[in-house]
Amino acid sequence: MKMKSFALFLGGALCALPAAVAMGQSASLPASHVTSHGMGHGGGLINVMLLDGQSAGAFHNWKLTTPILKKELEETGLFSVTVVTAPTSDQDFSDFEPNLDNYRAIVMNYDAPDWPAAMRERFEKYVNGGGGLVIVHAADNAFPNWAAFNEMAGVGGWRNRTEGAGPYWYFKDGKLVSDPTPGPAGQHGARLPFQVKTRQPEHPIMRGLPPVWMHYPDELYGKLRGPGKNMTVLATAYSDEKNKGSGHDEPMLMVLHYGKGRVFHTVMGHDAAALSCVGFMTTFQRGTEWAATNRVTQKVPATFPTATTVSYRVDIQEMDPDMLKGASDPIRGEAKAASTASAGAPQH
């Protein structure tokens, strides 16, 4: 399976070096790892629901990011992904009754302030009974007043969350600490590349990944708050104060247990550019398999980023029709400047 990627080498400054490389194909999931619950019609594929339908604003474009997340899961050869678009929180849910038990895991690309009580109850029952849950980026902003969801997510931000949602969680001296100091939940600076540091190298999701790797430009979420119950932080990133950061190592990847259910939570993945990162993609694919099956059979691709390089997929970025919006064009720019200068010069 051939995939294009680019590497950005980081020295005193960033400079781009394009390279076409091949990623290793993911291993197939043995049939013994899949039960009849949530098994696809493809004879062993893992049924996954990709839930979308609402976000807090146009800056989280679920209509764009859902097809990318679906593609990234399905190209592993492990998953059968069904997109389910829920009503917005202020709409009628009476006809929205997807059979959650048809799926081994639900991927949340949905951010709403609330759900009807009946929908919340069904969702809690599903995860508590052993259903997998994957929370991507702004989905952890959702449901600030739903205690069970916040326990599933561990931490969240924005939507008027404060210390009432729980303490602020971050790493200090190599350990996860909780800070009860009052304050709002959620912050990030400009979207820049940042290093991700592995904290649990033996966890199935992280096994074989480098200790430190570069993530493509993304929002680095910080000052997230929540109950943090049954939460294990797999990876962190330093939130630099020079970029409106907290000055702490913030949780980037987490796993949690809610009843019999497994939860994988990634705060990365703001837009198509961030989703194109091979590091994001690999951890997302592995995290979804773990949430669904409690195993990870996928190999680490040869193009995985290093401590000093980012690696991304051009074909994923090209799924954003606005990818080149605002991009500079030095050839046309120089020609236009020359034409303008010529028009204003004395004629001979």
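The values are calculated or read from the model by the stated rules, or taken from the named source; none is laboratory data. Worth saying up front: this structure is predicted, and the values here are computed from it rather than measured. Note that each Cβ is placed from the backbone with ideal geometry, even for glycine, and that neighbours are counted across all protein chains shown.
Observations on the model:
- With respect to the conditions (1) more than 19 Å from G130 (Cα to Cα); (2) modelled with pLDDT of 50 or more; (3) of a type outside the set (D, E); (4) touching a helix residue (DSSP H, G or I) at 6+ places or on another chain (Cβ under 9 Å), L51 falls short on a single one, namely (1).
- Search result, residues across the range 140-162 that are part of a loop (DSSP other than H, G, I, E, B) and within 19 Å of A105 (Cβ to Cβ): A142, F143, G154
- Yes/no for F123 being farther than 18 Å from G287 by Cβ and in a helix (DSSP H, G or I): yes
- Meets criteria (closer than 15 Å to G132 by Cα, outside any loop (DSSP other than H, G, I, E, B) and of a type outside the set (D, E, K, R)) for W290: yes
- From the list G228, G247, the lone residue that is of a type outside the set (A, V, I, L, M), within 18 Å of M152 (Cα to Cα) and in a loop (DSSP other than H, G, I, E, B) is G228.
- Residues located in the range 231-244, provided they are assigned to a strand (DSSP E or B) and more than 18 Å from C277 (Cβ to Cβ): M231, T232, V233
Yes or no, residue by residue, for (1) within 26 Å of V83 (Cβ to Cβ); (2) buried (at least 22 other Cβ atoms within 10 Å of the Cβ); (3) not small (G, A, S):
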| position | (1), (2), (3) |
| --- | --- |
| E121 | yes, no, yes |
| G157 | yes, yes, no |
| W169 | no, yes, yes |
| A190 | no, no, no |
| M214 | no, yes, yes |
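- All conditions in (1) in a strand (DSSP E or B); (2) closer than 30 Å to K125 by Cα hold for H215, with the sole exception of (2).
- Between T306, T297, the distinction of being out of contact with any Ser or Thr (no Cβ under 9 Å at 6 or more places or on another chain), among the hydroxyl-bearing types (S, T, Y) and either modelled with pLDDT of 95 or more or in a strand (DSSP E or B) (or both) belongs to T306 only.
- When A27, A112, A86, A7 are checked against the criterion of being surrounded by fewer than 15 Cβ atoms within 10 Å (Cβ to Cβ) and either at pLDDT 95 or above or within 28 Å of M214 (Cβ to Cβ) (or both), a single residue qualifies: A27.
- Filter result for the condition that a residue is surrounded by fewer than 24 Cβ atoms within 10 Å (Cβ to Cβ) and not small (G, A, S), over R262, R286: R262
- Whichever residue in the range 309-325 is of a type in the set (D, E, K, R) and assigned to a loop (DSSP other than H, G, I, E, B) and, among such residues, is nearest to the chain's Cα centre (by Cα): D320
- Per-region count, the range 64-94, residues within 15 Å of the chain's Cα centre (by Cα) and among the charged types (D, E, K, R): 3
- Among the residues here, G183 does not qualify as at positive phi, touching a strand residue (DSSP E or B) at 6+ places or on another chain (Cβ under 6 Å), of a type outside the set (F, W, Y) and assigned to a loop (DSSP other than H, G, I, E, B).
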